[in-house]
Amino acid sequence: MVAPAGPVNPERLATGMEVLTSWGLSVELGDDVLTTDDRLSYLAAADDRRAADLTAAWTDRRVGVVWAARGGYGSQRMLDRLDWSRLRAAGPKHLVGFSDVTALHGRLGRELGQVTVHGPGVASVGQLRDPATAESLQRLLLQPPVSGTLVASGRTLVSGSAGGRLWGGNLSLLASEVGVEPPPEDRSVLVLEEVAEPGYRIDRYLTQLLRAGWLDRVRGVLVGDVGSGSPVVADRLGVLGIPVVVDAPIGHGDRNLALPLGADVRLDAAGPTGTLTLC
């Protein structure tokens, strides 16, 4: 367990660890998971310390999964402090987290060329206890991938079908990466989620991605929980002429199905219910 962003509630973390242990996993804490930065209280620790904690976990030969305790804010601040040569040399591992961890998914997936898992943090106790969420996490972490496996489903907004590499995550984090990180180079399927943002901000984030060309190679979109921004999604994404599936159980709600970012997937929206499956 690492805390790449904000400080963690100890009680919630302990309960989440109990859930993971009940799955047969052996759980260890990074050095700064239960700390709070003395200067900036919205960070779990100073940037160098959070980066060192993640690097230590990733390069530990005993570790197969590096799991974010929670999101919050701060992952972007420590990205450029990570020792990417050491991470590459350590070989592939699972990274699990969502929300602010979107920044880590994008950079780590690109630098290491691997699939990462968009899913609940360890302190997201309600989500971990949800049977469907738990099953989706265990399938991605503990079983080999099987072509045709259903990953998620939702309501069809724009009909069609498309395939490509899955990417995305938290909408505001993606918009803030414009000008720093590159847009996808391959045909792709985009997944989006957001929390507690009014419609005009959802509009702003989507407009930023559109104007910056980040959606030029997107061939389909799966939208999770975006709260009050749902009508804006139809307005901004409906003009792309690609399949769009909304209301998927992904994000900050009670259910947060695990997604394999970087994997080849297919989005089918031929009927009222659209599906995302592994290729």
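The values are calculated or read from the model by the stated rules, or taken from the named source; none is laboratory data. The model shown is predicted, which means the values in this text are computed figures rather than measured ones. Cβ atoms come from the backbone with ideal geometry, glycine included; neighbour counts cover every protein chain shown. The area values use the complete protein model at the heavy-atom level, side chains included, leaving out ligands, DNA and RNA. Shrake-Rupley method; radii C 1.70, N 1.55, O 1.52, S 1.80 Å.
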Provide the gained length on full extension for the span Arg110 to Asp235, in nm with one decimal, where the gain is 0.36 nm per separating residue minus the Cα-Cα distance.
-> 42.0 nm
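Ignoring the sites themselves, what is the longest stretch of the chain with no GluC sites (Glu not before Pro) in a DSSP loop and at most 12 other beta-carbon atoms within 10 Å?
Values: sites that count: Glu28, Glu185.
Counting only loop sites that pass the neighbour cut-off, the longest clear stretch is 29-184.
Mean residue ellipticity at 222 nm from the helices of the chain, using -39,500 (n - 2.57) per DSSP H segment of n ≥ 4 over the full residue count, to the nearest 500 deg cm²/dmol? Could you put the intermediate results ahead of the total?
Numbers: 10 runs with 91 residues, N = 279.
Rounded to the nearest 500, it is -9000 deg cm²/dmol.
If r is the Cβ-Cβ distance from Glu135 to Ser161 and R0 is 22 Å, what FRET efficiency results, to the nearest 0.05?
Numbers: r = 25 Å, r/R0 = 1.15.
Computed FRET efficiency for Glu135 and Ser161: 0.30.
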For segment 65-157, the fraction of alpha-carbon pairs in successive 10 Å shells from zero, as % = 14, 44, 32, 10, 0
When the accessible area of the chain is computed with all protein chains present and a 1.4 Å probe, what percentage of it is carbon and sulfur?
-> 49 percent
Amide H within-cut-off set for Gly169, under 5 Å, with H built and near neighbours excluded = Val191, Leu192, Glu193
Which of Val158, Val195, Val146 fluctuates most in a GNM of the chain (C-alpha springs under 10 Å)? That residue is Val146
Kindly work out what percent of the DSSP beta bridges joining two residues of the chain are antiparallel, to the nearest 5.
-> 50 percent
For the Cα atoms of the chain, what angle does the longest principal axis make with the long axis of helix 47-58, in degrees from 0 to 90, nearest 10?
-> 90 degrees
Estimated vicinal HN-Hα couplings, Hz - segment 218-224 in sequence order (Karplus 6.51, -1.76, 1.60; Gly, Pro = x) | 7, 10, x, 9, 10, 10, x
Enter the Cα centre distance for the pair segment 207-244 and segment 254-269, rounded to the nearest angstrom.
-> 16 Å
Taking the Cα atoms only, what angle lies between the long axis of helix 131-142 and the longest principal axis of the chain, rounded to 10 degrees?
-> 70 degrees
Step through the residues of segment 74-86 one at a time and calculate ³J(HN,Hα) from phi using the Karplus curve (6.51 cos²θ - 1.76 cosθ + 1.60, θ = phi - 60°), rounding each to whole Hz and writing x for Gly and Pro.
-> x, 4, 4, 5, 10, 4, 7, 9, 6, 8, 5, 5, 5
Whole-Hz couplings from phi, Karplus 6.51/-1.76/1.60, listed for segment 194-200; x for Gly and Pro | 7, 9, 6, 10, x, x, 5
Amide proton proximity set for Leu157, modelled H, under 5 Å, gap of 5+ | Val244, Val245, Val246
Theoretical FRET efficiency, 1/(1+(r/R0)^6), r = Cβ-Cβ of Val146 and Asp83, R0 25 Å, to 0.05 | 0.15
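Find the eigenvalues of the gyration tensor of the Cα atoms of the chain, then list the square roots of 5 times those eigenvalues as equivalent ellipsoid semi-axes, largest first, in whole angstrom. Kindly include the intermediate steps, with their values, before the conclusion.
Values: eigenvalues 166, 82, 65 Å².
Semi-axes (√(5λ), whole Å): 29, 20, 18.
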